[in-house]
Every structure is written in C-alpha cells, then in structure tokens.
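Engineer: Got a structure for you, written out below as structure tokens; questions coming shortly.
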Amino acid sequence: MAIKRRDLLKLGGLTLIGTAASAAVGGVYTKPQEALKGSRWALAIDVVKCKENRATCGLKCVEVCHSLHNVPSIPDKKKEIKWIWEEKFEHAFPEHEANHYLNEKLHDTPFLLLCNHCDNPPCVRVCPTKATFKREDGIVMMDYHRCIGCRFCMAACPYGARSFNWIDPRPFIAKVNPEYPSRMKGVVEKCTFCYERIAEGKIPACVEACPAKAIVFGDLKNPNDEINKILKERLAVRRKEELTTYPSVFYLIG
Amino acid sequence: MYNAGKVIVFIVVLIVFFTIPMWLNFGRVEAIPQPELPKDKAKCIESKEYMRAYHMKLLDDWRKQAIRENKHVYVAKDGEKYFINLQKTCMKCHNNKEKFCDSCHNFVVTHPDCWSCHIAPEVAEKWQ
Amino acid sequence: MIEKALTGSKKYWLWLAFLGTLIFIGFLCYLLQWKIGLGITGMSRDVSWGFYIANFTFLVGVAASAVMVVLPYYWHNYKDFGKITVLGEFLAISAVLMCMLFIFVDLGQPNRVLNVLRYPTPNSVFFFDACVLSGYLILNLLCGWTVLHAEYKGTKYPSWLKPFIYLAILWAPSIHIVTAFIYQGIPGRHFWLTAIMAPRFLASAFSAGPALIIILALLLKRVANFDAGQKAIQTLAKIVTYAFVLNLLFFFFEVFTAFYSGIHSHQAPIKYLFTGLKGHAEWVPFMWASYILAFIALILLVIPATRKNETTLAVACLSVFIAAWIDKGIGLITGGYTPTPFETITPYRPTLPEIGIAIGIWALGFFVLTILYKIALGVKEAKELRVKYQGVLIKK
C-alpha cells in the first residue's frame, strides 16, 4: 500500500497530538488542607525576652533551623552560609549607631537576623530568572532548581540576608536531615519562612524552637491574628525602614 | 572541487570522529536494566506505563507546583492524594536510589542533577 | 576574506601563540573553578561580586565607545574616520565577547545560563543587559563585516545596511546605560545609588574606549604599516580629552555630594577607597594610582603640544585607560560592597586563579581582535594596492 505524502503528514500530526495529549493527562494539584493560611506572614521577635533568656536558651532557634534545613557550618567566615543568626544592635541597625543613648540601652541585646520577606523585595526585582519570587502569602521564595548563581540578589538585598554556595556545602553538614534537601555549589540560599512546614500546618521552626517563646509568627493581613495585637501594644521596629522595602520581620524593643 | 582528495579525507575523518560512540559500542549487548521495585507496594502513584513514560515530566511538574505555585498535594488519576516531596514521598517506597533510579539512568547515560541537592536514602544513612 | 588572517609574518604567529598560551592557562584555571566552584576566588558573602564583574563593567564601556568613531563617520560624514571605523566596530565585537565571558565565568551555575532566556524577566536589569549585549554583538558583526566585505569586493556597502548602522549607533550608549542601571537601581548600596552613575559610565567609556583605539592605531602604525591618519587620531584625542574631563568632573560631583551633605553613609565607601576605613585600606594604593594617572593624563591631554605629540599622547591614553580600569572596575565594585549592610568591612582581594581566568579572557579578546584587525588591514592594503595599480594603468 502506497502512503500518500498528505496522509503521512496527517498521521504524523495525529501522533504528535496524541503524544502531547497523553502526556497532559496526569493528576491535578491542590493545596493541602492542613496548610496554614495567610496573606502576609510575619515574625515579631521580642528582643527583651531574647535578652532575658539568652544566657540559657543556647540559641535554639538558629541551631534548629540550620540542622533542619541542612545548612552547612563553614568555618571560613567569608564563605559562610546562614539563614538566621545573632547580631549586635549596631550591626543590625547601623543607622542608629550614632545615637549613644539608644546604643547604650540596646548594646547587649541580641538581635536575630534573617530574611525579612519584604513586601517590596529588591532581590525579587533584580533576579533575571524568577528563581527568587514573592508568593501570594508574602514569603520570598527561592527556587534552587532555577538559580543561575549570578548573585544580583545578594547585591540588591540591603539586609545581607542571602548566602552563596561558594563551594560544595555537603562536606560541612555534620548531621543530615534526611527529609530535607541540601543545596549544591553555585546557588544562593536563604530563609524561606519554613514554607515546607507551613504546607504541613506547622509554624516556622525557629518560632517553635524558642524556649522563651520570644518569636511570634502570624498573618499581618488578619486583624484577629495575635501578631497584630502584639504589634499594636508594643514598640516595634524594622530594619532600614527608610528603604521602603517593608520588611515582615519586626523587633519588639519596648 | 579544489583539493578534492584532502576535502574527502577530512570529511571521512570528521564522520568517523563524530560517530566514535557508535564504533566503540558496536555489537556490545548490555542487559536491559531491571530497576528494583518496592516489594511491599502493588502500585506507584500512577500506572506503571505512565510512570515509565512520564516520571520526568511528573517530577518536573511536582517541583514547579510545590515550589512555585504553593500546591503541595498531588491528586492522582485514581483520586488518591500524595504530598509532593521527593525525599519524603517517592523515596519512602523507592528507598534505594542506586538500585532504582540509577539502574536505568546509567543505562541510557542520563544524569539528572536531582541528587546534588536532594539526599538519597542510602546517602543519608551513610552520612550519620 | 578570512584567508587574510591565515597568512602573516612570524611576529604575527608568535603573538597569536603567546595569546593562545594565556588563553590555555586561563582555561585551566576555569576548569578548577568549574570543579570546586567560585570558592577559588576571593569573593565572599559580603563582597559577592569581584574582579570578573569589574572587568565586565569596564569592557562594556570599551564596547560602547566604538560609537565615538562610527557616529562622526556615518552621521556627520566625517571622512577622516573612514579608515578607523572598522577598527572601532571590531574592537566592540571583541569587547562584547569578553563581557559575555566575564559574566559567564561569574555564574555559579554556568550550565543554567540559558535560564535567562527560558524565563525572560523584564523587571531584571540583568535580563536587559543580556539582550542589549547580544544585540550589540550581532549589530557590530553585521555592520563591520558587511562594510569590510564591500571594500574587499571594491564596491560600496549595500544600502540596506544603513538602518542597521544607525541602529548600532543608537544601541551603543544603551548597553552602557543598562549596565549602569544594574548598579544605580539597587537600594542600600550607597556608593552605587546615584543618578549620575550612567552619565559617569558613559564619560569614562567615551574616554577609555577611544584612548584604546588611539593606542591600537599607534601600535598598528609600528607593527602593521597601517596609518590611521594624523587628523583622525587628533580628533579622537580631542574626544578623549572632553570625555575624560567630564568623567573627572562627575567624580568630583560625587565627592561633593557625599561630603558637603555630611551624610556619613555616603562618605564611607569613598573614605574606604581613598584613605582606608576602620583599619582597612586594601585598595588605597590602587585608587591613588588611578587618580595620579588620571591627573597626568589630564595635563598631557589638555596641553595642545603634548596632545599633538604622538609619544606623550600614547602615554596619556595609556594612563586614561588604566585609570578608568581601576576606577570603574575594582574601585566601583569594592566601593559598592564596602561597608557591608552591617557597617562592617570584609576585605576583598582577587586570588591567583581568579586573575588567571581574567587574563585568559582578556587574551581571548585580544586574540579575536588581532584576527579581525588582520583581516581588516589586509583588505585595506589590497584596496590601496589596487588603487595604485589602477592609477598606473590610467597614466599609461
């Protein structure tokens, strides 16, 4: 039987459509029911409580976060990777350094720094591949599959919240969490507000880990959320307010 | 044609060079890989045929949906729900990457870079 | 036309072999980086861009500066630039090539570089920079090659090329403006957050680029028996002078704003670069070298006698080039990252493999440039011979 050219083309076309159609038939995707629902997740860190308990808490928030997320401990400060860490007042708020009175008051207060999950994030604006992007619930996410390692986001972040994998991080992870990935060399990483725990209905690990309950996690857009009450009652500041990045991490200083 | 001799020799050399893999493996028969399937499970999240043909697309969709769309649950064609997670869902049953993933991937010389970040069960075990 | 690059003197081949060796060394260093990661460089969490991006920024300027010879020739019909336009265009090609390589070696995941095109992101200046740079490369290849090919055939270039030439002229400043936008649109880096960044970039580009063309033209006169013409070089020298004066003025404006406003955070990077800050003075000698060279160049360029003398002009141009390279390369990058967002200082020094890779890329750029110039000069030489021969025939 001779096949005409036209028939062959038709057949080819049909096969293509068939392949495409059968590939498209898979399952569907939904959000987990148990997931926490919010429109703008935020943290309020009570530095007064932090200071009171600092001698005994053992910086559990940092330890738990880093071990849960397989964050390596690289001894070389220059190549260091950190998602949440402790910093002195004058480094966290360098613009207030000249105010001696304030500086004196807060000099011994520990400040926990992490990604601010800004409402107007410069890192997201500059990323050339959308590897870092803002989710609808306000979390500034990292897609490590897509990051090309250009480090434009690190230049853009005014808070120094981002770390780059200058070398393979794996040899520096002493104890591994088998349920979470590590990162590979050549990508930028940072705190993701424990998006993977939020999907399972759990609060971020640092919040849960704090023995003094000094960190509160909540939804700024939900007026009934505890975090809004706390922010109304207490004196709360954010880092580098003048840059109008609108951080989602508040520090309760009074 | 100018320099016909030289040109033809060069073309032959090029053809031989670019077909080296074919010559090197000529006539070599390798056993078709038999990936080790989980013994206590009857089926994967989709049919065997679907998984065989489209697992790479499925995994790619999984990561996009979970990371980028915040949709962490996969509802399979039979209505069963699965939490999207390579290490916690897939590798719970396929608990040996080397015997499952690698057996085929090595055969077809495909090296996806999943495992430069994700941690295979046997790697995690050795780590501690 | 390519055959012109395949025959040459012993010196020509030795020069190519020398560049080839440097490229090879650079490549070996890059293999090391490929294996270990960017950890082999001196960059750090706080200074996350370094020597690579510094060279990239500077070379974008060199690439853009080709417009300074192309524009007068095509727009104002300035005939004296006829012999050197192609030199400008070919310089742009090799400079853009180097830019792309410097970006490439700076990537942590180089095999994912095409993600920039797979997921186009118009809000990222990097995305635009990738677009304008590749566009500029294509335009210059097209214009330079077609015009030269027409010359090779003894005809005038085809008329369809005209719009592309004009487009290339408009395109040139855009590559440097977009590169400046990478820096000046970032909040929280005081040294970069300035509206004068783009004009400053253009001024330094339009001085350093033509300065390099002058140096190259003077070199070609020695080694390749090619005379660009006294008038062309003098016009270029004037362009260098004006642009360089503007460049220095812009720097003065920056210093004025930072110090007269009294804003400490704006002064800190300048202090770090020129006097040292909090016990750190890694780049002070380099910055002073840059500005002393700039001062020497300024004097040599402004005085007509020294501008007209080829030796002093060469010294001036070399000074301009090195001064701009230090200032806009390493000074710009380390100044932007110092002090850190925590008002601390993390010093940066490029490592040997890092420098090796950079030298390899420069060598590759000059390798391409040598071949392109060899072709261009070969074509021009053949044309002159032809003209001479025809003249003899007519006389007979």
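The values are calculated or read from the model by the stated rules, or taken from the named source; none is laboratory data. Everything numeric here is computed off the predicted structure, so don't read it as measured data. Note that we place each Cβ from the backbone using ideal geometry, even for glycine, and neighbour counts take in every protein chain shown. Side chains included, ligands, DNA and RNA excluded: accessible areas come from the protein's heavy atoms. Shrake-Rupley method; radii C 1.70, N 1.55, O 1.52, S 1.80 Å.
Engineer: Restricting to the range A:70-87, name every residue that is open to solvent by 20 Å² or more (accessible area, probe 1.4 Å), within 9 Å of another protein chain (Cβ to nearest Cβ) and assigned to a loop (DSSP other than H, G, I, E, B).
Structural biologist: Selection gives A:D76, A:E80, A:K82.
Engineer: Conditions: (1) farther than 24 Å from A:Q33 by Cα; (2) touching a helix residue (DSSP H, G or I) at 6+ places or on another chain (Cβ under 9 Å); (3) more than 9 Å from chain C (Cβ to nearest Cβ). A:Y195 meets all but one. Number of the miss?
Structural biologist: If we test A:Y195 against (1) farther than 24 Å from A:Q33 by Cα; (2) touching a helix residue (DSSP H, G or I) at 6+ places or on another chain (Cβ under 9 Å); (3) more than 9 Å from chain C (Cβ to nearest Cβ), just (1) comes out false.
Engineer: Tell me whether the range B:97-117 contains one or more residues that are open to solvent by 50 Å² or more (accessible area, probe 1.4 Å), closer than 27 Å to A:E136 by Cα and at the interface with chain A (Cβ under 7 Å from one of its Cβ atoms).
Structural biologist: no
Engineer: While we're here: Quick check: anything in the range A:43-60 over 30 Å from C:I36 (Cα atoms), under 20 Å from the mean Cα position of the chain (by Cα), of a type in the set (S, T, Y) and at pLDDT 90 or above?
Structural biologist: no
Engineer: Out of the range A:100-119, which residues are open to solvent by 10 Å² or more (accessible area, probe 1.4 Å), away from every other protein chain (no Cβ under 13 Å) and either assigned to a strand (DSSP E or B) or free of Cβ contacts under 8 Å to residues at least 40 places away in the same chain (or both)?
Structural biologist: Result: A:H100, A:Y101, A:L102, A:E104, A:K105, A:H107.
Engineer: Report yes if some residue within the range B:32-45 is among the hydrophobic types (A, V, I, L, M, F, W, C) and either facing another protein chain (nearest Cβ under 9 Å) or on the phi > 0 side of the Ramachandran plot (or both); otherwise report no.
Structural biologist: Within the range B:32-45, one or more residues are among the hydrophobic types (A, V, I, L, M, F, W, C) and either facing another protein chain (nearest Cβ under 9 Å) or on the phi > 0 side of the Ramachandran plot (or both).
Engineer: Looking only at the range A:62-81, which residues are farther than 17 Å from A:V176 by Cα and touching a helix residue (DSSP H, G or I) at 6+ places or on another chain (Cβ under 7 Å)?
Structural biologist: Selection gives A:K79 alone.
Engineer: Scan the range B:8-35 and report the pairs whose first residue is of a type outside the set (S, T, N, Q) and whose second residue is open to solvent by 80 Å² or more (accessible area, probe 1.4 Å), with Cβ atoms within less than 6 Å and a gap of 6+ or a chain change.
Structural biologist: B:P33/B:F107
Engineer: What is the number of the single condition among (1) more than 30 Å from C:T344 (Cα to Cα); (2) touching a helix residue (DSSP H, G or I) at 6+ places or on another chain (Cβ under 8 Å); (3) not aliphatic (A, V, I, L, M) that C:S9 does not meet?
Structural biologist: Only one criterion in (1) more than 30 Å from C:T344 (Cα to Cα); (2) touching a helix residue (DSSP H, G or I) at 6+ places or on another chain (Cβ under 8 Å); (3) not aliphatic (A, V, I, L, M) is unmet by C:S9, namely (2).
Engineer: Still on this structure, I have one more. Scan the range A:159-187 residue by residue and report those that are surrounded by fewer than 22 Cβ atoms within 10 Å (Cβ to Cβ), within 10 Å of chain C (Cβ to nearest Cβ) and in contact (Cβ under 8 Å) with a residue 60 or more places away in the chain.
Structural biologist: A:I167
Engineer: Output the number of the condition that A:M142 fails; it satisfies all remaining conditions of (1) more than 10 Å from chain C (Cβ to nearest Cβ); (2) farther than 14 Å from A:I81 by Cβ.
Structural biologist: (2)
Engineer: Checking the conditions here, which among C:A382, C:A363 is closer than 25 Å to C:D106 by Cα and open to solvent by less than 40 Å² (accessible area, probe 1.4 Å)?
Structural biologist: C:A363
Engineer: If you don't mind, there's one more thing I want to ask. List pairs: first in the range C:101-130 and within 7 Å of chain A (Cβ to nearest Cβ), second open to solvent by 10 Å² or more (accessible area, probe 1.4 Å) and of a type in the set (S, T, N, Q), Cβ under 8 Å, 6+ apart or cross-chain?
Structural biologist: Listed pairs, sorted by first residue: none to list.
Engineer: Additional query: Which condition number does C:N77 fail, the rest of (1) surrounded by fewer than 21 Cβ atoms within 10 Å (Cβ to Cβ); (2) touching a residue at least 12 places away in the same chain (Cβ under 8 Å); (3) not in a helix (DSSP H, G or I) being met?
Structural biologist: So the condition that C:N77 fails would be (2).
Engineer: For the range B:49-87, name all the residues that are closer than 22 Å to B:C117 by Cα, facing chain A (nearest Cβ under 9 Å) and open to solvent by 60 Å² or more (accessible area, probe 1.4 Å).
Structural biologist: Of everything in the range B:49-87, those that are closer than 22 Å to B:C117 by Cα, facing chain A (nearest Cβ under 9 Å) and open to solvent by 60 Å² or more (accessible area, probe 1.4 Å) turn out to be B:K57, B:R63, B:K64, B:E69, B:K71.
Engineer: Within the range C:352-394, take every residue that is modelled with pLDDT of 85 or more and among the hydroxyl-bearing types (S, T, Y) and give me the one that is farthest from C:I25 (Cα to Cα).
Structural biologist: C:Y373
Engineer: Please verify whether the range B:26-42 includes one or more residues that are open to solvent by less than 50 Å² (accessible area, probe 1.4 Å) and either in a helix (DSSP H, G or I) or of a type in the set (S, T, N, Q) (or both).
Structural biologist: So far as the range B:26-42 goes, no, none of its residues is open to solvent by less than 50 Å² (accessible area, probe 1.4 Å) and either in a helix (DSSP H, G or I) or of a type in the set (S, T, N, Q) (or both).
Engineer: Would you check if there is a residue in the range B:70-77 being part of a loop (DSSP other than H, G, I, E, B), touching a helix residue (DSSP H, G or I) at 6+ places or on another chain (Cβ under 6 Å) and touching a residue at least 40 places away in the same chain (Cβ under 8 Å)?
Structural biologist: Checked against the condition, which is being part of a loop (DSSP other than H, G, I, E, B), touching a helix residue (DSSP H, G or I) at 6+ places or on another chain (Cβ under 6 Å) and touching a residue at least 40 places away in the same chain (Cβ under 8 Å), the range B:70-77 yields no hits at all.
Engineer: When the residues of the range C:182-210 are filtered to those that are in contact with an Asp or Glu (Cβ under 8 Å, 6 or more places away or on another chain) and not hydrophobic (A, V, I, L, M, F, W, C), which remaining residue is surrounded by the fewest Cβ atoms within 10 Å (Cβ to Cβ)?
Structural biologist: Selected residue: C:T194.
Engineer: Across the range A:126-146, which residue is surrounded by the fewest Cβ atoms within 10 Å (Cβ to Cβ) among those that are under 17 Å from C:I53 (Cβ atoms) and among the hydrophobic types (A, V, I, L, M, F, W, C)?
Structural biologist: Among those residues, the one meeting the criterion is A:V126.
Engineer: I'm told A:Q33 meets every condition in (1) open to solvent by 50 Å² or more (accessible area, probe 1.4 Å); (2) touching a residue at least 12 places away in the same chain (Cβ under 8 Å); (3) touching a Gly at 6+ places or on another chain (Cβ under 9 Å) except one. Can you identify the failing condition by its number?
Structural biologist: Result: A:Q33 passes all but (2).
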